[in-house]
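Just so you know, all these numbers are worked out from the coordinates, no wet-lab data involved. Computed from a prediction, not measured in an experiment: that's the story for all the values here. Here the Cβ is made from the backbone with ideal geometry for all residues, glycine too, and neighbour counts use every protein chain on show.
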């Protein structure tokens with residue numbers, strides 16, 4: 001965790017209540033345990049924002065993207081925080097959101113695609129061990145025509161941990177040519193762990209492409225055996241399999257060396273699952 | 001190198017191996033043939049340490065150590081390699097990452113330092129040439145989306161990386177076209193030295209045109225009912241197993 005905080009200290013601090021972004025900002029912004037933060041990206045602006053939750057707290061994050069704005073938002077939970085995130089996107093804006101829960105956490109995301117050709121991509125991971133409880137709630141609103149969304153949330157629970165995912169894709173009556181995808185994939189590592197997943201579609205337009213899917217499975221015993229036959233210990237084989245399962249989401253933030261540090265922290269957590 | 005004596009093993013209470021005796025010495029190639037359901041794959045799995053099977057009687061010694069008391073990963077680290085009949089796909093885990101862990105676990109077991117990144121990459125390059133495995137495959141996820149032939153080549157590539165003392169290849173030739181068979185078999189032959197040994201389990205004589213065995217065994221109903229030299233495989237190809245089976249069942 002220290003590594004991650006060290007890396008973040010090198011970023012621009014977003015410590016006020018409002019972060020206004022004009023133009024293209026190369027250097028990432030970072031906020032640690034924000035109670036309330038509003039991110040406003042002006043038309044055509046682009047930026048990357050990292051939010052880290054290290055203490056149990058309530059956190060409200062509002063994001064507003066003007067026309068053509070681009071934002072990459074990465075959220076990391078290492079303490080049980082309650083986070084409410086809302087993202088409003090105007091025409092042609094792009095938002096790429098990554099959320100990684102490495103402890104109990106309760107995060108809800110409300111995405112509103114309010115202008116044509118807006119695009120939202122959300123990737124989420126939770127790793128729940130012991131008696132932890134991870135919750136990801138998502139509502140993606142296609143409020144106008146010609147928007148795209150793609151959400152995939154992967155959950156792993158061991159011990160007596162509980163994971164919950166609920167995701168709603170809402171397509172308004174006039175939101176024709178909507179392209180919305182949602183995936184929830186989960187692995188249970190023990191008999192006592194529990195994951196519930198609730199994907200929902202609410203569609204009021206008739207010319208749309210919407211898909212959703214949810215799976216809850218177990219570790220692949222054949223793959224564990226195969227890796228052990230090549231000399232890996234059982235715990236290494238399990239960790240590698242979990243890494244393989246969630247790695248693409250954990251490392252998608254694209255900010256190095258932050259990504260690598262988050263992956264390392266996640267790997268350490270996997271050993272405990 | 002490997003001494004198996006009176007080995008009995010069962011799965012779900014059903015006895016599959018019923019008294020196997022087998023001795024493999026360094027430098028030798030053994031072929032195990034036999035009709036379907038005779039216990040060939042079970043023998044390979046039991047020797048490798050698959051916990052699905054229970055050994056009920058007998059012993060197996062590998063490099064002077066009690067093989068049956070070791071967990072599967074220690075058998076592997078000691079130098080036993082099992083080429084899987086159906087290699088498993090591991091999504092999201094790259095070959096490089098997987099092999100690096102495997103090679104370094106083996107080195108740790110032998111009290112050697114882990115390979116540096118440069119040494120490891122050099123090893124990957126050298127060994128992938130043994131089976132003409134493209135570098136594209138070694139950077140992909142383990143077996144994911146590989147064709148049947150690529151999966152089997154990948155098994156031999158891993159064998160080359162791990163340089164085992166004893167390799168047991170479980171129907172490595174099944175599902176291969178002629179070109180892939182040649183590449184896989186040539187790879188195995190290249191890896192053979194006077195210091196290591198290979199046991200190939202196969203249905204077909206054609207593999208043995210490339211990998212010439214010192215001894216051919218016929219497994220039937222969980223026992224080795226006949227052993228001979230390489231001419232035995234040719235006779236089996238021509239005449240089938242009936243002449244042996246009928247003799248045995250009498």
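Data overview
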{"quantity": "Inter-chain shielding of A:218-228 (mean C-beta neighbours from other protein chains, 10 Å cut-off)", "calculated": "6"}
{"quantity": "Enclosed volume per residue, in Å³, of the convex hull spanned by Cα atoms of the range B:169-250", "calculated": "99"}
{"quantity": "Gain in span if fully extended, residue B:5 to residue B:86, counting 0.36 nm per residue against the direct Cα distance", "calculated": "26.4 nm"}
{"quantity": "Distance between the range A:108-122 and the range B:139-200 - C-alpha centres, whole angstrom", "calculated": "49"}
{"quantity": "Order of A:49, B:212, A:162, A:249 - criterion: other Cβ atoms within 10 Å of each residue's Cβ, fewest first", "calculated": "B:212, A:162, A:249, A:49"}
{"quantity": "Protection-proxy order for peptides B:226-235, B:106-115, A:71-80, each taking the mean of Cβ atoms within 10 Å per residue, highest first", "calculated": "A:71-80, B:226-235, B:106-115"}
{"quantity": "Beta bridges per DSSP with both ends in chain B, % antiparallel, nearest 5", "calculated": "60"}
{"quantity": "Ranked A:259, A:134, criterion: other C-beta atoms within 10 Å, fewest first", "calculated": "A:259, A:134"}
{"quantity": "Rounded Å value of the spacing that divides the Cα centres of the range A:1-53 and the range A:235-259", "calculated": "23"}
{"quantity": "Residue A:22/residue A:176 FRET efficiency (R0 35 Å; Cβ-Cβ; nearest 0.05)", "calculated": "0.60"}
{"quantity": "Fully extended contour minus Cα-Cα distance, from residue A:212 to residue A:191, at 0.36 nm per residue", "calculated": "4.9 nm"}
{"quantity": "For the range B:47-123 and the range A:186-216, distance of Cα centres in Å", "calculated": "38"}
{"quantity": "Helix A:258-272 vs. chain A, principal-axis angle (Cα, 0 to 90°, nearest 10)", "calculated": "40"}
{"quantity": "For A:251, A:99, order by how many other beta-carbon atoms lie within 10 Å, fewest first", "calculated": "A:251, A:99"}
{"quantity": "Estimated FRET transfer efficiency when R0 is 25 angstrom, pair residue A:131-residue A:201 (beta carbons, to 0.05)", "calculated": "0.15"}
{"quantity": "Near-label residues of the range B:11-48 by backbone N, under 19 Å of a point 7 Å along Cα→Cβ of residue B:235", "calculated": "B:30-35"}
{"quantity": "Degrees between helix A:234-250 axis and first principal axis of chain A (Cα, 0 to 90, nearest 10)", "calculated": "0"}
{"quantity": "Relative contact order computed over chain A (Cα-Cα under 8 Å; 6+ residues apart), in percent", "calculated": "12"}
{"quantity": "Relative packing of B:165-176, B:182-193, which averages over residues the other C-beta atoms within 10 Å, highest first", "calculated": "B:165-176, B:182-193"}
{"quantity": "Helix B:230-239 axis, angle to chain B major axis (alpha carbon atoms, nearest 10°)", "calculated": "60"}
{"quantity": "Partner chain coverage, peptide B:90-96 - average Cβ within 10 angstrom", "calculated": "6"}
{"quantity": "Exercise: per-residue mean of other protein chain Cβ atoms within 10 Å, A:244-255", "calculated": "2"}
{"quantity": "Prolate/oblate/rounded label for the protein assembly as shown (Cα gyration tensor, a/c 1.5)", "calculated": "prolate"}
{"quantity": "Percent antiparallel among DSSP beta bridges (both partners in the protein assembly as shown, rounded to 5)", "calculated": "15"}
{"quantity": "Ratio Rg/Rh [Cα only; Rh per Kirkwood] for the range A:2-219", "calculated": "0.98"}
{"quantity": "Projected label distance in nm at residue B:165 and residue A:67, using a 7 Å step from Cα toward the beta-carbon", "calculated": "7.4"}
{"quantity": "Theoretical ellipticity at 222 nm over the protein assembly as shown - DSSP helices of four or more residues, -39500 (n - 2.57) apiece, nearest 500", "calculated": "-8500 deg cm²/dmol"}
